[in-house]
1. Run the simple label-point estimate for residue 213 and residue 234 please: 7 Å along Cα→C-beta, distance reported in nm.
2. By how many nm would the segment from residue 19 to residue 150 lengthen if fully extended, with 0.36 nm per residue of separation less the alpha-carbon distance?
3. How far apart, in nanometres, would the label points at residue 297 and residue 285 be if each is projected 7 angstrom from Cα along the Cα-to-Cβ direction?
4. List the residues of the stretch 147-164 whose backbone N lies under 11 Å from a point placed 7 Å from the Cα of residue 117 along the Cα-to-Cβ direction.
5. State, as an integer percentage, the relative contact order of the stretch 1-158 based on alpha-carbon contacts under 8 Å between residues 6 or more apart.
6. Highest mean first, how do 211-220, 189-198 rank when packing is the count of other Cβ atoms within 10 Å averaged over residues?
7. Classify the stretch 2-49 as rounded, prolate or oblate from the Cα gyration tensor: take a ≥ b ≥ c as the square roots of its eigenvalues, call it rounded if a/c is under 1.5, otherwise prolate when a/b beats b/c and oblate if not.
8. What's the long-distance tail for the chain, i.e. % of Cα pairs beyond 27 Å?
């Protein structure tokens, strides 16, 4: 096991890349947005991510970044907490706040430290966000810890606040486990441990949580190719592909939330999480940047994101469990986990 630190300068600012290698499993992290920049498993790149470091820094597509304070969209950029209403900046079609806004954690340079243990390496990113710096109440102290071991990436999110606030952190890595962007994700087989999903309105805000009818375009309770029904009007007409929130049947690291399989590439990836929901996004819109490990531009449906989180816009939904809303109280501590596990099929 080992770690290599690389320094880059982009637009007169310094950035750091941390490369962690564990017996051929290589994970490259970055201090901008506490991000995953690249993953190499079995000699192949498992992600779609800008090849140019400068484009990785300057792009607007959240490649690999920690998104927050709140992942997903908040309707009209507005929420009420403790009888006080807050108005956030609108960065999604000039209608909603998305992923915490353009002043969110995805666009901050985080402090970092590296801890090399006998059988694993931990990279810890920390950031303090002053009250109202991004429109949210409370001074937020947050830490994102990546633990790399045994072909796994474990992400632990912790945080505290000086006032009641919203916190819903996730990761926005674009996965393609074929290791070849000539093959998009539509032929990869997906299973999701969820019998309910969030039905979006025409602006991509969840209207309500509804049961998944067996066999309908949103049903991944049994293994099915991602592209089998991706062009169904119920999927395509609003989101141009999958961009939907699945409410998991069970939460906890002993339960697999999702399984992605590419038999041709002899690779599978499992997702485990303590969060109650998983947003699936099939790279429906791109900036067509050339990806790592190839000379091919990243195009729609070349990758898929697994954004484990609380239910987006839960604060504005009446029929939802309070534990799914993403409210962090002053007296509490935030602690949630996502694990991405890579395996050879044979």
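Laboratory data are not the source of any read-out in this text; all were calculated from the coordinates shown. Predicted model, so just to flag it, every value in this text is computed and none were measured. Because the Cβ atoms are built from the backbone with ideal geometry, glycine has one as well, and the counts that use them run over all protein chains shown.
1. In this crude label model, residue 213 to residue 234 measures out at 0.5 nm.
2. 45.6 nm
3. Using points 7 Å along Cα→Cβ, the separation is 1.7 nm.
4. 147-149
5. This gives 17 percent for the stretch 1-158.
6. Averaged packing, sorted descending, gives the order 189-198, 211-220.
7. Note, shape of the stretch 2-49 comes out prolate.
8. 41 percent
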